[in-house]
Amino acid sequence: MVAAVTKQIEQFVQELGDERSYELFTKVPSGKMLRTKLILQIAKTPEAVRLAAIVEMIHAASLLHDDVIDEATKRRGVDSINAIFGNKSAIMLGDILYSKAFYELTKFSSQIAQTISHAVALLSLGELKDVELSNSFNSNEESYFDMIYKKTASLIEASAKSAAILAGLDSEAYGLYGKNLGLAFQIVDDILDITQNEQTLGKPALADFAEGKTTLPYIYLYQSLGEDDRQKLLYLFKKELNPEQKAWLFDKFEETGAIQRAKEQARALGHEALEQLHKSDEKLRQIMEELIERTY
């Protein structure tokens, strides 16, 4: 069924009748397709394939814009579209995918269309907040969670909620599952930026900190440090770290247990989400557990 979603996305782009757009689209690296797997698991209907394709196009568009904003040269281990073809092409391809996705979304019920489109508005607000938070070290946990909810979790929440609407299930319960899945997903991503190497990540380790992203492990680290070490952490923010500075960071993460604390937060979100379903859905449980325990 995942292959059917990929085929549907290709068909949507081909329907635009523009060879250059399709050529650029074929260079976009594929990801884990978490949103697709979630939709197909909840709503086992023919419409679920089209809905998943729309959501994946929206997600791809957001990443194209995100890479331009972050000046990223890699995406999922390969050269990003903006690195190969330039920022203008990346932005316009993102706009094309957004526009086609919204056109196809109008063919669904107003409830589903409103759910997805509202999430896209939140996604953009989250991206803006991410940019603003990168101006200085953010030690506010609430601001971090607000940003990752809007930027990452809102579209996953909308995917689960819309799939439940298609299937005639409790959309609020499945929406909460999707929200917590999205929050946990981002927390784990932020942890892996610290614990994994460039070969695994497809980008340099500790890249978030150098780019000005104060993720949950760094917030927990800041909370656990004495004043002198806090000042050193603030000094290292948004800097290219030498081996000695990296070693200091890793030692402090180990001493304070900040990474483990962030991992436990992700697990708590997963447990809360599964409780909301009021029934045993082993596949959704497996999706959550694999996401939290993943190493890439």
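Just so it is clear, none of the values below were taken in a lab; they were calculated from the coordinates. All values derive from a computational prediction rather than experimental measurement. FYI the Cβ positions are ideal-geometry reconstructions off the backbone, even for glycines, and counts take in every protein chain you see.
Anisotropy class assigned to the chain is oblate, per the alpha carbon gyration tensor with a/c at or over the 1.5 cut-off and a/b no larger than b/c.
Would you kindly calculate the translational diffusion coefficient of the stretch 126-183, applying Stokes-Einstein with the Kirkwood radius from alpha carbon pairs, for 37 °C and a viscosity of 0.692 mPa s, and quote it in µm² s⁻¹ without decimals? Result for D is 273 µm²/s. Remark on the stretch 112-225: ratio of C-alpha radius of gyration to 2.2 N^0.38 Å is 1.17.
The fewest-to-most ranking of 110, 30, 143 by surrounding Cβ atoms within 10 Å reads 110, 30, 143. For the stretch 81-141, the square roots of the Cα gyration tensor eigenvalues, ordered a ≥ b ≥ c, give a/c of at least 1.5 with a/b no greater than b/c, which places it in the oblate category. Which pairs in the list 74/239; 27/238; 213/246 are over 21 Å apart, alpha-carbon to alpha-carbon? With Cα atoms farther than 21 Å apart: 27/238. The angle between the Cα long axis of helix 2-14 and the longest principal axis of the Cα atoms of the chain comes to about 70 degrees, rounded to the nearest 10. Straight-distance candidates among the lysines for linking to residue 44, with alpha-carbon spacing under 17 Å and chain neighbours fewer than 8 residues away dropped: 161, 283.
Put in line by how crowded their Cβ is, counting other Cβ atoms within 10 Å and starting with the fewest, 161, 32 read 32, 161. By the beta-carbon count within 10 Å of each Cβ, the least crowded to most crowded order of 66, 229, fewest first, is 229, 66.
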